[in-house]
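The values are calculated or read from the model by the stated rules, or taken from the named source; none is laboratory data. All values reported here derive from a predicted model rather than from experimental measurement. Cβ: placed from backbone, ideal geometry, glycine included. Neighbour counts: every protein chain shown.
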Amino acid sequence: MYKVYFITFGCKVSQYETELLKSCFAEAGFVPADSSADADAVVVNSCTVTGSGDNKSVYAVRKLRRELPGAVIVLTGCMPQASPEAALKVAEADIVTGTKDRAKLPSLVLDVLADRRRIIDISPLSRDETFEEIAYSPTDSHTRAFVKIQDGCECYCSYCMIPYARGRFRSKPLADLAREAEMLAAAGRKELVLTGINIAFYGCREGKRLADAVELCCRTDGIERVRLGSIEPEMMLPEDLDRLAALPEFCPQFHLSLQSGCAETLKRMNRRYTPEEYASLTEQIRSRFPYASFTTDIMVGFPGETEQEFSESMAFAERIGFAKIHVFQYSPRKGTPAAKMPQIPASVKHGRADRMKALGDRLARSYMEGLVGRTVPVLFEREKSEDFHQGHAPDYTLIKISRKNSKKSLRNEIFYVTIEGVGEDCCFGTLTEAPAE
């Protein structure tokens, strides 16, 4: 039996797709390797959101080739799809494929193992591309499962190659989503996270809305929680929020991608909202979900970003009061409009990233301190410590309780916890009774 190992770069979508590939390889008779050194084949699932993402993928392939001269090395995913010419130059990869037809990968690997020939299989994405379904059988014992419901993007932000890597908007049909949700519930998953390249546009070609997918998952027997992955702010309408607010299983954690809190920077990024429109959406959400949490991505050092613009972005982040900020520095992506704009010195980008991260840490601490005294339902997860049980509240705050008073496993069960204190990246509490209605 051949052994296969996976290395994934990028977002939750890439991680989900790697899980699908693992299932495909298992169906083909491969077994998982404990490490790349123990593998007959290594699959590198690449990311192309930034230039640094490309570099990481290429570096990984070349390092693997040096360390594993006899293994089959696969480079797949967004980087080859968006930049096939660059991917073909990575001669260390035995197989190079893009973001479609990846269910064929196990057979391609078997072909290379048999005759050691190089295979290039990057199929162009067509305008009528459909949602790619890959048979999936979960092999882990997690309490939470990611479900990809959407692919593609047509927003063309000035810094991003994703539309070229993923193609046009397309969505998982509701009937297919129902089958996957039922299968995951039968496998013991209690929480589903709906993810995709741009899930706010779910169903836009079929006359459906994201709320349709959420409602379906919430109605699935055995599923007790449903939450959303990253959302583009401009597609969340009041009627969508009303539908979500009517679902007890829906978790009010909103990862609203911001990128910048400055209107002028957003214009250059070709984002489709203003800071005021973003703030208005958070107010609408809070009016329906009093205990909603907001997390986001913020880019610093975008071309042309002045100190004033950066200060506006900092002030806006503080105004919203994010529970968590993922901060990253802009890196030029060849082929995008932003790469041709005047660039910010690396030292300035580093300094701004440090300042934004410090603000994010302070806001996260403030958010968690505001939770002290509240009683929340916690879905407990795999035991990772001899000292604590841990799990997540609906707003995705990590909650830990001492195991001194409860030695038995609480895994995959929901219990109420009263929050009593705050740690570095979590809250501490004690088990309690459910609050009175």
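A few notes on this one:
- Within segment 79-120, being out of contact with any helix residue (DSSP H, G or I) (no Cβ under 6 Å at 6 or more places or on another chain) and within 26 Å of SER52 (Cβ to Cβ) holds for SER83, PRO84, GLU85, ALA86, LEU88, LYS89, ALA91, THR97, LYS100, ARG102, LEU105, ILE120.
- Tabulated pairs, segment 17-31, first in a strand (DSSP E or B), second among the basic types (Lys, Arg), C-beta under 8 angstrom, 6+ apart or interchain: VAL31/LYS3
- Within segment 113-222, helices (runs of 4 or more DSSP H) holding 2 or more residues that are under 24 Å from ALA246 (Cα atoms) and in contact with a Phe, Trp or Tyr (Cβ under 6 Å, 6 or more places away or on another chain): 210-218
- Scanning segment 264-275 for residues that are hydroxyl-bearing (Ser, Thr, Tyr), under 30 Å from ARG144 (Cα atoms) and in the same structural domain as PRO238 (by TED's automatic domain parsing) turns up nothing.
- Set VAL44, VAL96, VAL90: member being assigned to a loop (DSSP other than H, G, I, E, B) and either surrounded by 17 or more Cβ atoms within 10 Å (Cβ to Cβ) or polar (S, T, N, Q) (or both): VAL90
- Output for segment 1-14, where each listed residue is modelled with pLDDT of 85 or more and outside any strand (DSSP E or B): MET1, TYR2, PHE9
- Given (1) without any contact (Cβ under 8 Å) to a residue 60 or more places away in the chain; (2) farther than 30 Å from SER313 by Cβ; (3) buried (at least 18 other Cβ atoms within 10 Å of the Cβ), number of the condition TYR202 does not satisfy: (2)
- Filter result for ALA178 (under 21 Å from LEU20 (Cα atoms) and aliphatic (A, V, I, L, M)): yes
- Members of segment 69-80 found to be out of contact with any Leu (no Cβ under 9 Å at 6 or more places or on another chain) and surrounded by 14 or more Cβ atoms within 10 Å (Cβ to Cβ), listed by number: LEU75, GLY77, CYS78, MET79
- Members of segment 309-335 that are touching a residue at least 12 places away in the same chain (Cβ under 8 Å) and of a type in the set (S, T, N, Q): SER313, GLN329, SER331
- Residues of segment 32-58 satisfying the condition of being touching a residue at least 60 places away in the same chain (Cβ under 8 Å) and in contact with a Cys (Cβ under 6 Å, 6 or more places away or on another chain): THR48
- In segment 308-336, residue surrounded by the most Cβ atoms within 10 Å (Cβ to Cβ) [restricted to those that are over 25 Å from the mean Cα position of the chain (by Cα) and over 15 Å from LEU359 (Cβ atoms)]: GLU309
- Residues in segment 240-272 that are surrounded by fewer than 19 Cβ atoms within 10 Å (Cβ to Cβ) and over 29 Å from VAL378 (Cα atoms): ALA263, GLU264, LYS267, ASN270, ARG272.
- Test for VAL422: is it hydrophobic (A, V, I, L, M, F, W, C), more than 26 Å from LYS267 (Cα to Cα), surrounded by fewer than 16 Cβ atoms within 10 Å (Cβ to Cβ) and at pLDDT 95 or above: no
- Residue among SER126, SER137, SER83 that is exposed (fewer than 15 other Cβ atoms within 10 Å of the Cβ), closer than 27 Å to VAL42 by Cα and among the small types (Gly, Ala, Ser): SER137
- Which listed residue is farther than 29 Å from GLN81 by Cα and crowded, with 23+ Cβ neighbours inside 10 Å, from LEU210, LEU184, LEU237, LEU228: LEU184
- Looking only at segment 136-190, residues that are touching a Ser or Thr at 6+ places or on another chain (Cβ under 8 Å), of a type in the set (S, T, N, Q) and closer than 23 Å to THR220 by Cα come to 3 in all.
- Within segment 375-421, considering residues that are among the hydroxyl-bearing types (Ser, Thr, Tyr) and in a strand (DSSP E or B), the one farthest from GLU224 (Cα to Cα): SER402
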